[in-house]
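Peer 1: I'd like to ask you about the structure that follows.
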Amino acid sequence: MTTGQSPRRRDRRRAVRVGLAVGAAAALLAVAVVVVPLLLPPGPRPPFQLPVPCGETWRLGTYPGHDDYDVDLFPTAGEAWGRPVLASHDGTVTVAGINGSLGGRTPDNPKGPRGRGGGYWVKIDHGGKWETQYLHLLEPPLVRAGQKVVRGEQLGRVGSTGNSGAPHLHYEQHRGWEKVETWFDGSPSGITQDDTEYSVTLTSNNCPAGGR
Ligand SMILES: [Zn+2]
């Protein structure tokens with residue numbers, strides 16, 4: 001060798017080169033795994049069903065200041081408190097916890113202090129950048145973040161936690177970064193703006209697989 005470098009110094013240079021190569025590979029992998037999926041267009045709309053049991057009829061409403069496309073569900077028969085809230089479609093739970101604050105509205109104290117935000121809530125990622133949200137649940141969700149769920153699986157029970165006037169289910173469908181009109185059983189709900197108070201009535205076809 002005529003370079004005059006000590007073997008130790010060459011080793012150090014090689015270690016730096018290897019480190020840079022590993023860093024570059026990690027950066028490329030991060031771009032491939034994180035950035036590329038963000039740029040892909042959303043997939044087709046999943047065949048969402050109403051988030052309530054098969055055969056039940058619910059009123060879907062909105063009111064001024066709610067937010068375009070947001071839907072509040074109230075049963076047309078029976079008490080709202082404690083009714084099962086079901087997954088609209090297969091997916092992975094991404095959030096199961098508290099949004100804002102719970103407040104103190106319970107079946108025993110329905111006019112208790114109002115909370116903030118969504119209260120107990122669940123968010124499900126259905127793939128293809130589609131997501132559903134379920135707010136104001138009565139109790140901690142029955143599912144946890146990271147859990148896979150199937151359509152019709154119970155997520156929780158209807159309540160009035162968070163910023164809620166009366167027991168109901170606040171529900172949303174999202175595509176990519178935006179809220180979109182909710183569709184159920186292959187048809188748009190017609191809840192598209194919050195300029196006035198209006199509602200539609202629908203019957204759930206969120207029935208056990210093979211039972212249709
Ligand atoms: Zn609402």
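Every read-out reported here was derived from the displayed coordinates using simple, explicitly stated rules and does not represent laboratory data. Just so you know, these numbers come straight off a predicted model, no measurement behind them. Because the Cβ atoms are built from the backbone with ideal geometry, glycine has one as well, and the counts that use them run over all protein chains shown.
Peer 1: Relative to the compact-globule scaling 2.2 N^0.38 Å, provide the ratio for the alpha-carbon radius of gyration of region 86-150.
Peer 2: Normalised by 2.2 N^0.38 Å, the Cα Rg of region 86-150 equals 1.20.
Peer 1: OK, next. One quarter of the convex hull surface, Cα atoms only: what value does that give for region 16-171 in nm²? Kindly include the intermediate steps, with their values, before the conclusion.
Peer 2: Numbers: hull surface 48.2 nm².
Result: 12.1 nm².
Peer 1: Here is a further query. How big is region 118-172 by the Kirkwood estimate over distinct Cα pairs, in Å? Numbers along the way, then the final one.
Peer 2: Numbers: mean 1/r = 0.0868 Å⁻¹.
Here the Kirkwood hydrodynamic radius works out to 11.5 Å.
Peer 1: In the neighborhood of R17, defined by Cβ-to-Cβ distances under 14 Å, what is the net charge if each Lys or Arg adds +1 and each Asp or Glu adds -1?
Peer 2: +4
Peer 1: Cβ neighbours within 10 Å, averaged per peptide: list 9-20, 130-141, 81-92 in order, most packed at the top. Intermediate values should be presented prior to the final figure.
Peer 2: Working: 9-20: 10.3, 130-141: 22.0, 81-92: 20.5.
For the peptides 9-20, 130-141, 81-92, the packing ranking is 130-141, 81-92, 9-20.
Peer 1: Take the alpha carbon gyration tensor of region 167-209, find the square roots of its eigenvalues, order them as a ≥ b ≥ c, and report rounded if a/c is under 1.5; if not, report prolate when a/b exceeds b/c, else oblate. Numbers along the way, then the final one.
Peer 2: Values: a/c = 1.74, a/b = 1.24, b/c = 1.40.
Oblate.
Peer 1: A follow-up question, please. On full extension of the chain, what length is gained from Q154 through R175, given 0.36 nm per residue of separation minus the C-alpha to C-alpha distance?
Peer 2: 5.3 nm
Peer 1: Over its Cα atoms, what ratio of radius of gyration to 2.2 N^0.38 Å does region 25-82 give?
Peer 2: 1.93
Peer 1: Once you put a point 7 Å from the Cα of A32 and another 7 Å from the Cα of A77, both along the Cβ direction, what distance in nm separates them?
Peer 2: Here the modelled spin labels are 5.6 nm apart.
Peer 1: Name the shape class, rounded, prolate or oblate, that the alpha-carbon gyration tensor gives for region 57-119, where a ≥ b ≥ c are the square roots of its eigenvalues, rounded holds for a/c under 1.5, and otherwise prolate holds if a/b is larger than b/c and oblate otherwise.
Peer 2: rounded
Peer 1: Please work out whether region 127-212 counts as rounded, prolate or oblate from its C-alpha gyration tensor, where a ≥ b ≥ c are the square roots of the eigenvalues and a/c under 1.5 means rounded, while otherwise a/b larger than b/c means prolate and anything else oblate?
Peer 2: Cα axes put region 127-212 in the rounded bin.
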